[in-house]
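Engineer: Take this structure first; my questions come after.
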Amino acid sequence: MNKVKHYLNPPALAFKQAGSFVLYSSLIGWNKSLQWLIRHGFSTLPVSAGAIGMGCIGFPNHPVWEITTACNERCLHCHANGGKPQKDELNTAEGFRLIEDIAKCEEFRMLVYTGGEPLVRKDLFDLLAYSQKIGFKNVIATNAIDIDDAMAKELKKLGVYGLAISLDHIDPEVHNHIRQRKDAFELALRGIEACRKNGIILQINITAMEYNINKIQEILQFADKADAAIVLNYQLVSVGRAANIEEKVISIEKNRSLMNNLLKWQKDITPIIEPVASPQYWPNMLIKKGKFQDYHIKIAKNFFHGCTAGIGLAYIKPNGDIWPCPFVEVSAGNVREKPFNEIWRNSEYLQKLRNRDNLGGSCGNCRFNVLCGGCRGKAWAASGDSFAEDPTCFIPDDIKLKK
């Protein structure tokens with residue numbers, strides 16, 4: 001059995017983590033940075049094991065395994081079309097082998113289980129126990145429907161260090177409508193409380209869309225009061241079931257306003273806010289501070305990575321396909337045909353995606369592509385080409401385009 005190598009904070013990794021925190025804090029003027037460090041700093045290290053900076057979907061590097069499409073909700077915006085399980089999902093033995101092969105990639109030291117809803121898969125505890133035995137720090141992305149105090153205790157025993165709980169609105173009726181379940185809100189709150197009570201790191205996931213765009217600040221304030229350490233602010237990307245509500249995708253102007261507001265709101269709340277599907281957040285941070293000359297970018301690229309699709313993020317579908325992210329519906333290979341570590345290392349598609357010189361349009365000609373790279377998911381959703389320019393970029397051409 002291949003074991004995960006958990007050498008404690010090697011110098012290069014510690015530098016990346018500390019540097020990201022210091023640079024982020026100073027650029028934003030984060031008033032609660034010391035408070036976050038005291039309350040969450042060291043306890044989040046296992047959750048961010050392997051982190052080399054800040055970027056989309058939290059950070060590079062980490063693998064996310066969508067273990068099933070089965071779900072006890074029917075969210076309007078679900079990229080996975082959650083509901084019934086797929087007929088060809090990896091079985092338990094195949095799951096064990098996948099976990100072993102992920103462990104052969106030394107940059108991966110934590111494993112995220114998602115869905116669908118991972119807690120409805122009957123062998124989840126077996127999978128968690130196996131990845132814990134190998135040495136992974138486990139994280140679960142969940143709607144929290146099934147998380148009560150007893151469940152939280154059991155998950156903690158199985159090496160679950162963090163729970164990423166979705167919250168789409170602070171109005172129960174709207175949250176329940178989005179999730180198509182009448183008790184979704186009250187059960188999510190129960191899960192949040194169970195998470196806090198049992199000392200599991202809490203992350204709140206928000207998906208910004210027309211349903212809630214005017215309430216994002218209030219959701220962030222709720223997350224702060226709930227003692228969340230991290231908030232991932234997703235944006236609706238029109239893939240999966242979300243393609244049916246494409247009119248709920250926020251406009252470029254609302255995207256610009258939201259990214260500017262996140263910079264402003266971060267100053268006075270404790271959780272770290274990281275945007276998902278809008279990597280323009282990182283160059284915009286530099287631009288707002290007037291620090292976007294080439295030497296500023298050269299420094300910042302060591303800590304801010306923008307889109308991590310296929311670069312630091314591996315997204316494993318229930319049938320074993322390896323996608324670069326949940327919004328880029330392109331398979332780099334299948335673990336039933338080739339081991340995960342070989343696909344991750346050698347896939348021609350992923351290697352091409354990792355070189356941002358291969359990006360097209362304004363993303364390929366952008367000074368900031370080392371910090372941003374555009375959202376590959378939005379590019380894919382708009383054009384069917386994961387190398388196309390991000391059609392929702394709001395950075396002005398006169399600033400971003402290479403001379």
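Engineer: Quick one: what Rg and Dmax do you get for the range 48-188 from the alpha carbons, in Å?
Structural biologist: 15.3, 45
Engineer: If I take R0 = 35 Å and measure r between the Cβ atoms of residue 221 and residue 334 in this structure, what FRET efficiency does the formula 1/(1 + (r/R0)^6) give, to the nearest 0.05?
Structural biologist: About 0.20, to the nearest 0.05.
Engineer: Could you look at the chain and say what percent of its accessible area is carbon and sulfur, using a 1.4 Å probe and all protein chains?
Structural biologist: Carbon and sulfur: 52 percent of the exposed surface of the chain.
Engineer: Over the range 5-93, give the accessible area per residue in Å² for a 1.4 Å probe, as an integer.
Structural biologist: Roughly 44 Å² per residue, with all protein chains present.
Engineer: Where the Cα atoms of the range 210-278 are projected onto their three principal axes, how long is each span, largest first, in whole Å?
Structural biologist: Principal extents (Cα only, largest first): 34, 22, 17 Å.
Engineer: Here's a follow-up. What 222 nm value per residue comes from the helices of the chain, counting each DSSP H run with n ≥ 4 as -39,500 (n - 2.57) and dividing by all residues, nearest 500 deg cm²/dmol?
Structural biologist: Calculated mean residue ellipticity at 222 nm is -10000 deg cm²/dmol.
Engineer: Report for the chain the percent antiparallel among DSSP-assigned beta bridges with both residues inside it, nearest 5.
Structural biologist: Of all bridge pairs located within the chain, approximately 15 percent are antiparallel.
Engineer: What does the charge dipole of the chain about its Cα centre add up to, to the nearest 20 debye, if the Cβ of each Lys and Arg holds +1 and the Cβ of each Asp and Glu holds -1?
Structural biologist: Roughly 1140 debye, rounded to the nearest 20.
Engineer: Going 7 Å from the Cα of residue 291 toward and past its Cβ, which residues in the range 228-264 have a backbone nitrogen under 19 Å from where you end up?
Structural biologist: 260-264
Engineer: Taking 27 Å as the cut-off for C-alpha to C-alpha distance, list the pairs among 16/264; 84/133; 133/317 that go past it.
Structural biologist: Beyond 27 Å between Cα atoms: 84/133.
Engineer: A further question on this structure: Quick one: Kirkwood hydrodynamic radius for the range 1-109, alpha-carbon pairs, angstrom, one decimal?
Structural biologist: 16.8
Engineer: Considering only 38, 192, 52, give the residue with the highest GNM mean-square fluctuation for the chain, with springs between Cα atoms whenever their separation is below 10 Å.
Structural biologist: Top of the fluctuation ranking is 38.
Engineer: So I have [x] 78; [y] 50; [z] 70, and one of them is percent of Cα pairs over 26 Å apart calculated from this model. Which one is it?
Structural biologist: Step by step, percent of Cα pairs over 26 Å apart for this structure corresponds to label [y].
Engineer: What's the center-to-center distance, using Cα atoms, between the range 202-270 and the range 19-68 in Å?
Structural biologist: 18
Engineer: Let me ask you something else. Using 17 Å as the cut-off for backbone N distance, which residues of the range 60-100 belong to the label zone defined by a point 7 Å from the Cα of residue 182 along Cα→Cβ?
Structural biologist: What the label zone holds, given the 17 Å backbone N cut-off, is 73-74.
Engineer: What whole-number value in Å² describes the accessible area per residue of the range 261-403 for a 1.4 Å probe?
Structural biologist: 38
Engineer: Whole angstrom only: what separates the Cα centroid of the range 107-125 from the Cα centroid of the range 284-348?
Structural biologist: What the calculation gives is 20 Å, centre to centre.
Engineer: Pick from 27, 262, 111: which is most flexible by mean-square fluctuation in a GNM of the chain where alpha carbon atoms under 10 Å apart are linked?
Structural biologist: Highest fluctuation among the options: 27.
Engineer: Work out from phi, with θ = phi - 60° and the Karplus expression 6.51 cos²θ - 1.76 cosθ + 1.60, the ³J(HN,Hα) of each residue of the range 111-119, listed in order in whole Hz, and give x for Gly and Pro.
Structural biologist: Residue by residue, the range 111-119 yields 9, 9, 9, 9, x, x, 10, x, 6 Hz.
Engineer: At 1.4 Å probe size, with every protein chain present, just tell me what the per residue accessible area of the range 105-244 comes to in Å².
Structural biologist: It amounts to 36 Å² per residue over the range 105-244.
The values are calculated or read from the model by the stated rules, or taken from the named source; none is laboratory data. Source: prediction; values computed, not measured. Cβ sites come from the backbone with ideal geometry, for glycine too, and all protein chains shown count toward neighbours. We work out accessible area using only protein heavy atoms, side chains counted, and drop any ligands, DNA or RNA first. Shrake-Rupley method; radii C 1.70, N 1.55, O 1.52, S 1.80 Å.
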